[in-house]
Amino acid sequence: MSFQSPLITAIVFGISLAFILGTIAHRLKVPPLVGYLLAGVIVGPFTPGLVVDQRLTLQLAEIGVILLMFGVGLHFSLKELISVRRIVVPGTILQVLVSSLLGTGAAWFFGWPLFGCIIFGLCLSVASTVVVLRTLQDHRALDTEYGRLAVGWLVVQDLLTVIALVLLPALSGIFGSGAPQSLNFGVYGSALALTLGKLVLFVAVMLLIGRRVIPAILHYIAHTGSRELFRLAVLSVALGVALAAAELFGVSIALGAFFAGMILSESPLSQRAAEETLPLRDAFAVLFFVSVGMLFNPNVLLDEPWRLVLTFLLVLAGNGALTILICRRFGGSLANAVFVGVVLAQIGEFSFILVDLGVGLKALPPDARDLILGASLLSIMINPAIFYAARSWRRRSEPASKPVSAVLEPEAIEPTHLTDHAVLVGYGRVGRLVATGLQSAEIPFLVLEEAGDARENLRSTGVELIVGNAAQDAILDAANLAAARMIFVAIPEAFEAGQIVQGARKRNPQLRIVARAHFDAEVEHLLQLGADIVIMGEREIAQAMLAEARSFQDSTLETQSGV
Ligand code: AMP
């Protein structure tokens, strides 16, 4: 089946099938990501029926990569990135080198030419940015030590890939594979120097000019008061810098977006910028998984099962196990090393680009592409399971080992011992005021807040905090709602607030539930789900304004009658 408007078809089918299969996966308690990948296989060219334009889906997925990297950049300051350099720089270089060698060795047995083997090896040594970032985000681990290490690792892998992409066509001449070129070190040396030069120039331009200009533009736009313009400004910065990085400076799109985000991370507007890109980012990141599924040719499972299994195992060994060993060797703690290795134990977009190049240079047979795609699909699918295994290992080994810092393993949620207490969800503009009031009334309470920086704000107050999304069962369980007296749901988003209210009511029918809303429909919704009282911000503001008007009028009347 084919359609008249391929772009719309790609978006509609990509997103809706991902939604349907993601929901089914969720119901079956499998990560939704598996559903997204299968959605891709269904709309891909290798399965009968519906076929969606692959190249378009890939390009749409790139937008997801840009927004993901931009979001991660917003979280990161240059200082944090530099703080992990001692482990990350030598570690990643060694890991890429050794796992490339392992892959090269295996490919040698497949009977391919040496140059092709090297490219194949490289494909197995670089992890997928999207998968790493999604895993870290899903587990709220971006701010943890291993999260920083993993992102640093990705950045170095990304840089190495950029260099490899320049060098490979040049080296194909030296190795004399399919595409013979004359051996001219001068030309290749200058090509490499040019690439590195452009890379340095890009970083310099971003640090010297971008660092001043980009926040200034956003501040200016923020003062216009138009949310729409602000959203457009953020998107223009993220997409524009990424494209410029790729087209003008030869840097990868992902790295460009990361830099754009990092430059904004010091600005007070970074939080808002991140929020504005969230919905788009999530939708397009899903398309990334759909596009991986689309590229997968299921025949490879029948034609070359053993080669596929070997390639897949090499990914686990080279990107996973080896990273653990190396990260440990360069000074990472065992737990950090294990988690960095686990999130990196897969391959994705960079490997596709590299293998395409290899096939294009005729150094690799087209089968190699199927193997890489197959191994990528398998390794991405299995990744959540490995992550959970690592986490339960961590939990089991925890009592025996030294106490783990809370930053390292955010999943280890410490349940509260409070009883007869109040629970405050959200520590923002509203939550903070509620907290001050509860403190002065000496009501024992704890805070559930998803932003990690609440930890610093609450430290001096001695108030108990559980970091995490209160809509998750584990977080609500840790708040001991069954023994609590009341809960204040002080977050602005009614959908999540509804989930929290419902979860709270389920745990304690007697609990006094006070929620926050901004629209009449939200008030209804929250009351229906079990809230006792819903305070609508806007109504309270109007009443406070009217009260002001009344008291002003009274005071003028008083002065008039006084005269
Ligand atoms: P504000 O609108 O300024 O009162 O801020 C709302 C606060 O609630 C922010 O600090 C958010 O990080 C926090 N928040 C929003 N949703 C959740 C959630 N589902 N769980 C925990 N905290 C949340």
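Hey, got the dipole for the stretch 179-291? About the Cα centre, +1 on K and R Cβ, -1 on D and E Cβ, debye to the nearest 20?
160 debye
Could you give the nm distance between label points at LEU101 and LEU167, where each point is 7 Å from its Cα heading toward the beta carbon?
Here the answer is 1.5 nm between the modelled labels.
Under a 1.4 angstrom probe, counting protein chains only, how are TRP108, TRP153, TRP393 ranked by accessible area, largest first?
So the residues, ranked largest to smallest area, are TRP108, TRP393, TRP153.
Ratio of Rg to Rh for the stretch 1-159, alpha carbon only, Kirkwood?
1.04
About the Cα centre, and with charges only on the beta carbon of Lys, Arg (+1) and Asp, Glu (-1), how big is the dipole of the chain? Nearest 20 debye, please. Walk me through the numbers on the way to the answer.
Details: 38 positive and 43 negative charges, 266 e Å.
Here the chain has a charge dipole of around 1280 debye.
For Cα pairs less than 8 Å apart in space and 6+ apart in sequence, what is the mean separation divided by the residue count of the chain, i.e. the relative contact order in percent?
Values: 896 pairs, mean separation 94.1, N = 563.
Rounded, it is 17 percent for the chain.
Where in the chain are the DSSP H helices whose C-alpha atoms run 30 Å or more along the long axis and whose mean Kyte hydropathy is at least 0.0?
Taking the DSSP H segments of the chain (at least 30 Å long, mean hydropathy at least 0.0), we get 6-27, 54-75, 85-109, 145-175, 270-295, 366-397.
Test of the criteria: in the stretch 480-542, which GluC sites (Glu not before Pro) are in a DSSP loop and have at most 16 other Cβ atoms within 10 angstrom of their Cβ?
When the GluC sites (Glu not before Pro) of the stretch 480-542 are filtered for loop state and at most 16 Cβ neighbours within 10 Å, GLU493 remain.
Order MET486, MET69, most accessible first, counting only protein heavy atoms with a 1.4 angstrom probe.
MET486, MET69
Please state the relative contact order of the stretch 420-536 as a whole percent: Cα pairs under 8 Å, 6+ residues apart? If you can, show how the numbers build up before the last one.
Working: 216 pairs, mean separation 27.5, N = 117.
Relative contact order, the stretch 420-536: 24 percent.
Taking the dipole about the Cα centre of the chain, with the C-beta of Lys and Arg at +1 and of Asp and Glu at -1, give me whichever of LEU58, VAL315, SER561 is farthest to the positive side.
Positive-most Cα among the choices belongs to VAL315.
Once every DSSP H run of n ≥ 4 in the chain is given -39500 (n - 2.57) and the sum is divided by its residues, what mean residue ellipticity at 222 nm do you get, rounded to the nearest 500 deg cm²/dmol? Please list the in-between numbers first.
Numbers: 25 runs with 384 residues, N = 563.
Per the formula, -22500 deg cm²/dmol.
Which stretch or stretches of the stretch 341-379 have amide N atoms under 20 Å from the point lying 7 Å from LEU28's Cα along the Cα→Cβ direction?
Inside the label zone: 374-379.
Taking the simple approach of a point 7 Å from Cα along Cα-to-Cβ for both LEU114 and ASP477, what is their distance in nm?
With each label placed 7 Å out from Cα toward Cβ, I get 5.7 nm.
Would you tell me the accessible area of LEU50, worked out with a 1.4 angstrom probe on the heavy atoms of the protein chains, in Å² to the nearest 10?
LEU50 exposes around 30 Å² with every protein chain in place.
Could you work out the Rg to Rh ratio of the stretch 426-557, with Rh taken as the Kirkwood radius (inverse of the mean 1/r over all Cα pairs)?
Rounded to two decimals, Rg over Rh is 1.03.
Could you calculate, for the stretch 1-57, the ratio of the Cα radius of gyration to the Kirkwood radius, expressed as Rg to Rh?
My calculation of the ratio gives 1.01.
With a 1.4 Å probe and every protein chain kept in, tell me what percent of the accessible surface of the chain is carbon plus sulfur.
C and S atoms contribute 65 percent here.
What are the trypsin sites (Lys or Arg not before Pro) within the stretch 290-399 that DSSP puts in a loop, where the Cβ has at most 13 other Cβ atoms within 10 Å?
Hits after loop and neighbour filter: nothing returned.
Could you tell me which trypsin sites (Lys or Arg not before Pro) in the stretch 2-106 are loop residues by DSSP with no more than 14 other beta carbons within 10 angstrom of their beta carbon?
Within the stretch 2-106, the qualifying trypsin sites (Lys or Arg not before Pro) (loop, at most 14 other Cβ atoms within 10 Å) are LYS29.
Can you tell which of LEU269, VAL234, LEU124 lies farthest toward the positive end of the dipole of the chain, using +1 and -1 charges on the Cβ of basic and acidic side chains (Lys, Arg; Asp, Glu)?
Value computed over the given set: LEU124.
Taking a probe of 1.4 angstrom, what is the accessible area of ILE541 in Å², to the nearest 10?
90 Å²
Between ILE8 and GLU275, what length comes free when the chain is fully extended (0.36 nm per residue of separation minus the Cα-Cα distance, one decimal in nm)?
Length gained between ILE8 and GLU275: 93.6 nm.
For GLU548 and PHE495, what is the calculated FRET efficiency with R₀ set at 41 Å and r taken between the beta-carbons, to the nearest 0.05? Show your work: numbers first, answer last.
On the way: r = 33 Å, r/R0 = 0.80.
Efficiency computed from Cβ-Cβ geometry: 0.80.
Quick one: P(r) of the stretch 273-358 from all Cα-Cα pairs, 10 Å bins, percents rounded to integers, in order of increasing distance.
Histogram of Cα-Cα distances, whole percents per bin: 15, 30, 32, 21, 2.
To the nearest 10 Å², what's LEU529's accessible area with a 1.4 Å probe?
40 Å²
Suppose R0 equals 51 Å. What FRET efficiency, 1/(1 + (r/R0)^6) with r the Cβ-Cβ distance, do ARG329 and GLU558 give to the nearest 0.05?
Calculated transfer efficiency: 0.05.
Round to the nearest 0.05 the FRET efficiency obtained for SER190 and LEU243 when R0 = 25 Å and r is the Cβ-Cβ distance.
Values: r = 26 Å, r/R0 = 1.03.
Given R0 = 25 Å and the Cβ-Cβ separation, E is 0.45.
Considering Cα pairs under 8 angstrom that are at least six residues apart, work out the relative contact order of the stretch 1-104 and quote it in whole percent.
21 percent.
May I ask for the percentage of alpha-carbon pairs in the chain that lie more than 41 Å from each other? Don't skip to the answer; put the middle values down first.
Values: 47386 of 158203 pairs.
Here the long-distance tail beyond 41 Å is 30 percent of all Cα pairs in the chain.
Accessible area per residue of the chain at 1.4 Å probe, in Å²?
On a per-residue basis, 47 Å².
The values are calculated or read from the model by the stated rules, or taken from the named source; none is laboratory data. Quick caveat, the model's predicted, so the values are computed rather than measured. With ideal geometry, Cβ positions are generated from the backbone for all residues, glycine too; neighbour counts draw on all protein chains shown. Quick note on the areas: whole protein, heavy atoms, side chains included, nothing else; ligands and nucleic acids left out. Shrake-Rupley method; radii C 1.70, N 1.55, O 1.52, S 1.80 Å.
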